[in-house]
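The values are calculated or read from the model by the stated rules, or taken from the named source; none is laboratory data. The structure presented is a predicted model; accordingly, all values stated were derived computationally and were not measured. When we count neighbours, we look across all protein chains shown, and the Cβ atoms used for this are built from the backbone with ideal geometry, even at glycine.
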Amino acid sequence: MAIFNLGSINIDHVYRLDHFPAPGETLGAREYGQGLGGKGANQSIAAAKAGARVVHIGAISASADAWVLDRLNEAGVDTTHIARLEHAATGHAIILVDEGAENAIVLHPGANRRLQPDQLALALSGIGPDDTLLIQNETNLQAEAARMARAAGARVVYSCAPFSIAAVREVIDHVSLLALNEIEAAQLAETMPGDIPVPAMLVTLGADGAEYRDLVTGETTRQPAFPVKAVDTTGAGDCFAGYFAAGLDLGRDIQEALRHASAAAAVKVTRRGAGDAIPKAAEVLDFLAERKPG
């Protein structure tokens, strides 16, 4: 069993502010930091720290940023299929975090959208029925990857963020599990009314927790959020999705996978950063040991 993740890799530039700037307003940042992020990298790190075998498929600049690969390797992610591209910048994000721990993000995709089809085909040549493919909307070749994975019998987990109805329509026929937050779920319902043609949906609801909707049986499994004092919510949804995918890969049932994912996200938001702030499995177990089952 393994998780293959066609995912973005970004360098995060994080600015901490008293409040978000209004149009035309210039603000001085209280703090600045740099770290590893991108929805794909975050999900790979989360799944690897949860205990799954993770193969990341993506691209960064050939000219610099080798520390990015080091950080992924340290988390336990296989970086063999991360391409180093000439004349392309590593993807990066400008992240504003206000005093209430909410964030606003500007993203430049860079190398994330420059992966070539032959590189993808080589990376997915070993995927099989016991494996999982993760995809998001921050790379190219999502539809091609989803088709290859489903043809091989693998599970396909799709985080449709940043939300794009065109991207959803391209991949939806090959998706096993659609993962999205409540805002994205509302956007999907508005732009694609009626029955969503996927077997299941995983919806994160912020302070209200998360729910897994089995669209075949009609059953919904709910998990309340663990109350914590948030410091930085950046990457919390990616942490949740990566841990949940790892839970399925490791053979946990839906309720247990939800509980571990919710605990991981709760620990993550008490720390600053994105991928660097995702907890290890042992830390999640310690967190759960201190709380009654939710």
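Side notes on the structure shown:
- Within segment 52-73, the set of residues being closer than 21 Å to residue 244 by Cα and in a helix (DSSP H, G or I) comprises 72, 73.
- Restricting attention to segment 1-42, the residues being within 20 Å of residue 156 (Cα to Cα) and either in contact with a Cys (Cβ under 9 Å, 6 or more places away or on another chain) or of a type in the set (S, T, N, Q) (or both) number 3.
- Residues in segment 208-225 that are buried (at least 17 other Cβ atoms within 10 Å of the Cβ), more than 18 Å from residue 42 (Cβ to Cβ) and of a type in the set (Gly, Ala, Ser): 209, 225.
- Number of residues in segment 260-281 that are free of Cβ contacts under 8 Å to residues at least 40 places away in the same chain and in contact with a Lys or Arg (Cβ under 9 Å, 6 or more places away or on another chain): the value is 1.
- Positions within segment 169-183 being surrounded by 14 or more Cβ atoms within 10 Å (Cβ to Cβ), in contact with a Lys or Arg (Cβ under 9 Å, 6 or more places away or on another chain) and either part of a helix (DSSP H, G or I) or aromatic (Phe, Trp, Tyr) (or both), in sequence order: 171, 174
- Qualifying residue in segment 123-140 (condition: part of a helix (DSSP H, G or I), surrounded by fewer than 18 Cβ atoms within 10 Å (Cβ to Cβ) and touching an Asp or Glu at 6+ places or on another chain (Cβ under 9 Å)): no
- Every residue from segment 258-283 that is touching a Gly at 6+ places or on another chain (Cβ under 9 Å), modelled with pLDDT under 95 and either among the charged types (D, E, K, R) or crowded, with 24+ Cβ neighbours inside 10 Å (or both): 272, 274, 275, 276
- One residue from 230, 166, 186 being outside any helix (DSSP H, G or I) and of a type in the set (A, V, I, L, M, F, W, C): 230
- Within the set 50, 101, 88, the sole residue that is crowded, with 24+ Cβ neighbours inside 10 Å, in contact (Cβ under 8 Å) with a residue 24 or more places away in the chain and in contact with a helix residue (DSSP H, G or I) (Cβ under 9 Å, 6 or more places away or on another chain) turns out to be 50.
- The lone criterion from (1) within 16 Å of residue 274 (Cα to Cα); (2) touching a helix residue (DSSP H, G or I) at 6+ places or on another chain (Cβ under 9 Å); (3) among the hydrophobic types (A, V, I, L, M, F, W, C); (4) part of a helix (DSSP H, G or I) left unmet by residue 120 is number (1).
- Options 179, 189, 152; residue that is at pLDDT 95 or above, on the phi < 0 side of the Ramachandran plot and out of contact with any strand residue (DSSP E or B) (no Cβ under 8 Å at 6 or more places or on another chain): 152
- Meets criteria (over 18 Å from residue 179 (Cβ atoms), modelled with pLDDT of 95 or more, in contact with a Ser or Thr (Cβ under 8 Å, 6 or more places away or on another chain) and part of a loop (DSSP other than H, G, I, E, B)) for residue 115: yes
- Look at segment 167-194: where a residue is closer than 14 Å to residue 206 by Cα and a partner is in a helix (DSSP H, G or I), sitting 6+ places away or on another chain with Cβ atoms under 6 Å, you get 179/241; 181/237.
- Whichever residue in segment 226-257 is out of contact with any helix residue (DSSP H, G or I) (no Cβ under 7 Å at 6 or more places or on another chain) and touching a residue at least 40 places away in the same chain (Cβ under 8 Å) and, among such residues, is surrounded by the fewest Cβ atoms within 10 Å (Cβ to Cβ): 229
- Test: residue in segment 89-96 that is closer than 22 Å to residue 266 by Cα and either in contact with a Gly (Cβ under 7 Å, 6 or more places away or on another chain) or not in a helix (DSSP H, G or I) (or both): yes
- Criterion violated by residue 63 - all others in (1) in contact with a strand residue (DSSP E or B) (Cβ under 6 Å, 6 or more places away or on another chain); (2) hydroxyl-bearing (Ser, Thr, Tyr); (3) surrounded by fewer than 20 Cβ atoms within 10 Å (Cβ to Cβ); (4) within 24 Å of residue 119 (Cβ to Cβ) satisfied: (1)
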